[in-house]
1. I'm checking my understanding of the structure. Among residues of segment 217-226 that are part of a helix (DSSP H, G or I) and buried (at least 23 other Cβ atoms within 10 Å of the Cβ), which one is farthest from the chain's Cα centre (by Cα)?
2. Quick one: would you say residue 130 is surrounded by fewer than 16 Cβ atoms within 10 Å (Cβ to Cβ), assigned by TED's automatic domain parsing to the domain that holds residue 257, closer than 22 Å to residue 266 by Cβ and hydroxyl-bearing (Ser, Thr, Tyr)?
3. Restricting segment 8-51 to residues that are part of a helix (DSSP H, G or I) and in contact with a Pro (Cβ under 9 Å, 6 or more places away or on another chain), which is nearest to residue 368 (Cα to Cα)?
4. If we keep just the residues of segment 29-50 that are farther than 19 Å from residue 381 by Cα and buried (at least 16 other Cβ atoms within 10 Å of the Cβ), which is modelled with the highest pLDDT?
5. Quick one: which residue in 214, 237 is under 19 Å from the mean Cα position of the chain (by Cα) and not in a strand (DSSP E or B)?
6. Could you give every pair whose Cβ atoms fall below 8 Å, whose first residue belongs to segment 64-90 and is over 15 Å from residue 250 (Cβ atoms) and surrounded by 15 or more Cβ atoms within 10 Å (Cβ to Cβ), and whose second residue is modelled with pLDDT of 95 or more and among the charged types (D, E, K, R), counting only separations of at least 6 or pairs across chains?
7. Going by the structure shown, is residue 83 part of a helix (DSSP H, G or I), closer than 27 Å to residue 215 by Cβ and under 23 Å from the mean Cα position of the chain (by Cα)?
8. May I ask you to list the residues in segment 356-370 that are assigned to a strand (DSSP E or B) and of a type in the set (Gly, Ala, Ser)?
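The values are calculated or read from the model by the stated rules, or taken from the named source; none is laboratory data. Note that the structure is predicted; figures quoted are calculated from it, not measured. So basically every Cβ, Gly included, is an ideal-geometry build from the backbone, and we count neighbours across all protein chains shown.
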Amino acid sequence: MNALPRTPLPPTRLPKVGTTIFTVMSALAAERGAVNLGQGFPDFEGDPALVDAVCQAMREGLNQYPPMAGVAPLRDAVAAKTAALYGRRYDPASEITITAGATQAILTAILAVVGPGDEVIVLEPNYDSYVPNIELAGGSVVRVALKAETFRPDFDAIAAAITPRTRAIIVNTPHNPSATIWRAADLDRLAEILRPTEVLLIADEVYEHMVYDGERHASASAHPELAARAFVISSFGKTFHVTGWKVGTVAAPAALTAEFRKVHQFNVFTVNTPMQHGLARYLADPAPYLGLPAFYQRKRDLFRSGLAATRLRLLPSEGSYFQVVDYSAISSLGEADFCRWLTTEVGVAAIPLSAFYDDGRNQGLARFCYAKTDETLNEALGRLARI
């Protein structure tokens, strides 16, 4: 009897990577019938007018390959929006690129500028794609922790981490998972640190339209010194409640964009044509994104008001659609075990903050997502009130 054919196994490029905690917790929530406040996506639909705009583009025959950098009307609309909000006018032809979501944009920016021997500073806790992206590029990850409890940037630690091999730093504001924001003074301090260096900035600003309590989003695009060395990344999926569409943007100076597009054209080439045209038409009205802070602040306040009646201690939620809680008054379990217990026994799924650290540190913190209908939030709050 012939032996089964053998599958050659090459060395893994990402030996530390397994199934993400988001997939694990979502699967557990589905299995147990729990309210899923773990993974960061809305459980409500986007604007029907946006869907209609995409369908109209399909009916008009806009269904073939678009230009590699994105369709001109959408790049024009992004440039106009950025100029209106942040005062910097990017050239749509040479400085705006449409991407297959923000995650692809981050990977492409890293692959474009990071090579073997280069160091990239990552501020922990951090979104889970950053480190694998750097490793795939052959770079070295230099971790700098945000300050405990407040999650504010430790600029002295950032300055100390810069070496002649530092190629880039990744900054995420509003921040996932902590829901903190950077302010204009923070960007000034970062610019001061980077001024004598050749370090690039990768600015992950996917939650740019979710900043609350009258604060303004501090975009790298609004800071001329930082914008001159930055890839500024945003997401239509986050902004318009259509995360599954996977359409994002990158704004960068022409020289950086040229390097970005060299990689973009070979790892994605281009992005869904009718969605690009639909988004371009939808952006003609700024009301949907200008109204987003009030929309999510109401949900945040509803959720926080309900949590205040529980034994969970609330950390600030200044931006994004996340809420971090301290559960130390309820349990001494580690964060991953507590989130599993919360899902299986209480019926509400959350994400442990430890998942966002390389060393898996336990601080007694968990992250909820409140990008949900009021009915979903109230159901979760009713269950959480019982612990």
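1. Narrowing segment 217-226 to residues part of a helix (DSSP H, G or I): 220-222, 224-226.
If we keep only those that are buried (at least 23 other Cβ atoms within 10 Å of the Cβ) as well, we get 220-221.
Working: 220: 15, 221: 17 Å.
Here the answer is 221.
2. Numbers: surrounded by fewer than 16 Cβ atoms within 10 Å (Cβ to Cβ): no; assigned by TED's automatic domain parsing to the domain that holds residue 257: yes; closer than 22 Å to residue 266 by Cβ: yes; hydroxyl-bearing (Ser, Thr, Tyr): yes.
Taking the combined requirement at face value, the residue does not satisfy it.
3. Filtering segment 8-51 down to residues part of a helix (DSSP H, G or I) leaves 21-32, 48-51.
Remaining after also requiring in contact with a Pro (Cβ under 9 Å, 6 or more places away or on another chain): 21, 25, 49-50.
Numbers: 21: 13, 25: 12, 49: 29, 50: 28 Å.
Ranking the candidates gives 25 first.
4. The initial filter retains those residues of segment 29-50 that are farther than 19 Å from residue 381 by Cα, namely 31, 45-50.
With buried (at least 16 other Cβ atoms within 10 Å of the Cβ) added as a condition, the list becomes 46, 50.
Values: 46: 95, 50: 98.
By that ranking, first place goes to 50.
5. Working: 214 fails: under 19 Å from the mean Cα position of the chain (by Cα).
One residue alone meets the criteria, 237.
6. That search, which allows pairs on different chains as well, returns 73/281.
7. Values: part of a helix (DSSP H, G or I): yes; closer than 27 Å to residue 215 by Cβ: yes; under 23 Å from the mean Cα position of the chain (by Cα): yes.
Answer is yes for this residue.
8. Taking segment 356-370 first, the residues assigned to a strand (DSSP E or B) are 365-369.
Of everything in segment 356-370, just one residue is assigned to a strand (DSSP E or B) and of a type in the set (Gly, Ala, Ser), namely 366.
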